[in-house]
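Trainee: Structure below; questions to follow.
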Amino acid sequence: MKTSNPVLARLGQAAERERAAGYAPAGPYGQPGYGQPYPGAGSAPAAPPTVAPMTIDDVVVKTVTLLGITGLSAVAAWILVPDALLGVAWIGAAIVGLVLGLIISFSRMANPALVVTYAVVEGVFVGMVSKFFQEIAGYQGIVLQAVVATFGVFFLMAALYKMKVIRATPKFTRGLIAAMVGVFAVMMINLVLSLFGVDTGLRSGGPIAIIFSLICIVVASLSFVLSFHEVEEGVRLGLPQRYSWVAAFGILVSLIWLYIEILRLLSFFQGDD
């Protein structure tokens, strides 16, 4: 089985090794079994179970689950966190979420607990950002508008991918990854400069800020193509079912990024009223 994605290729090879070894779920002491009996199970070895492959339905269920957890966490944070602590909760959740996201992304480990924790933390972040824009800044109805726009873009990209209008070719993938790295670098530079009182205009609501937000929205929208391709290739390679958590994590990251950028863009236009 071949794929242009080196990460997926590595995971596919790992899946083949697991199937060949007869991977079994963790035993009573948390140790994985490989066709070996659990302690106290007797001397006769158990027949190695088949590793269940990942399906698109698995990814859909995991994605909906993570979205539900993120939404509930956001609502809880909105209600429970007092306005005086909004900034602290916002920054704290952003830092913790970034660290968890990097760990999950670079390790590529299918750890459901870690992914769920990420969803909870990002829910706090989303809740605090949303509360600031709607209640503190006074942009009434902006949260609902941003949610509708976010899912509208998501389903549009899903339809375009399904109809093969946009595909994750090697050239497209390289270009999009370069664009994502570039956007992230600009964000970090802007953040550092803002700490020293330098206003670059990227987040001030002017023409430059609007253009930059539009660029971020386009890049975030196109990132769904990479996520869809990852799911498609994961299913084709027969990755173990637990990797559906990793695929769902990728979709959640893009959704949150897209939502925040749309929320910010809407605030620019409402601020002109």
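Trainee: Only one residue in Gly123, Gly97 is free of Cβ contacts under 8 Å to residues at least 40 places away in the same chain, over 22 Å from Met54 (Cβ atoms) and not aromatic (Phe, Trp, Tyr). Which one?
Mentor: Details: Gly123 fails: free of Cβ contacts under 8 Å to residues at least 40 places away in the same chain.
Step by step, each of Gly123, Gly97 is checked, and only Gly97 is free of Cβ contacts under 8 Å to residues at least 40 places away in the same chain, over 22 Å from Met54 (Cβ atoms) and not aromatic (Phe, Trp, Tyr).
Trainee: Which residue out of Ala149, Ala94 is at pLDDT 95 or above and among the small types (Gly, Ala, Ser)?
Mentor: Ala149
Trainee: Separate question: Going by what's in this entry, would Arg167 be described as surrounded by fewer than 16 Cβ atoms within 10 Å (Cβ to Cβ), in contact with a His (Cβ under 8 Å, 6 or more places away or on another chain) and of a type in the set (D, E, K, R)?
Mentor: So Arg167 fits the description; yes.
Trainee: Continuing with this model, one more query. What about Phe184, is it surrounded by fewer than 15 Cβ atoms within 10 Å (Cβ to Cβ), over 23 Å from Gln270 (Cα atoms), within 17 Å of the chain's Cα centre (by Cα) and not aliphatic (A, V, I, L, M)?
Mentor: Judged against the criteria, Phe184 is a match.
Trainee: Let me ask you something else. Do any residues in region 244-268 that are under 16 Å from Gly234 (Cβ atoms) have Cβ atoms under 9 Å from those of residues that are of a type in the set (D, E, K, R) and outside any helix (DSSP H, G or I), where the two are at least six apart or on different chains, and which pairs are they?
Mentor: Between residues of region 244-268 that are under 16 Å from Gly234 (Cβ atoms) and residues that are of a type in the set (D, E, K, R) and outside any helix (DSSP H, G or I), the close pairs are Val246/Arg108.
Trainee: Which of the residues spanning region 171-205 are farther than 18 Å from Val219 by Cβ and in contact (Cβ under 8 Å) with a residue 60 or more places away in the chain? Working first, answer last.
Mentor: From region 171-205, those farther than 18 Å from Val219 by Cβ are 192-201, 204-205; that's our starting set.
Passing the criteria: only Gly205.
Trainee: Could you identify the single residue in Ile104, Ile91 that is in a helix (DSSP H, G or I), of a type outside the set (Lys, Arg), closer than 20 Å to Val253 by Cα and without any contact (Cβ under 8 Å) to a residue 24 or more places away in the chain?
Mentor: Ile91
Trainee: Can you tell me how many residues within region 64-108 are hydroxyl-bearing (Ser, Thr, Tyr) and over 14 Å from Val120 (Cα atoms)?
Mentor: 2
Trainee: Looking at region 190-246, which of the residues that are under 20 Å from the mean Cα position of the chain (by Cα) and hydroxyl-bearing (Ser, Thr, Tyr) is nearest to Ile260 (Cα to Cα)?
Mentor: Per the criteria, the residue is Ser213.
Trainee: Might you let me know whether region 64-84 holds any residue that is over 16 Å from Ile256 (Cα atoms) and of a type in the set (Val, Ile, Thr)?
Mentor: Yes, some residue in region 64-84 is over 16 Å from Ile256 (Cα atoms) and of a type in the set (Val, Ile, Thr).
The values are calculated or read from the model by the stated rules, or taken from the named source; none is laboratory data. All values reported here derive from a predicted model rather than from experimental measurement. Reconstructed Cβ throughout: ideal geometry from the backbone, glycine too, with neighbour counts over all protein chains shown.
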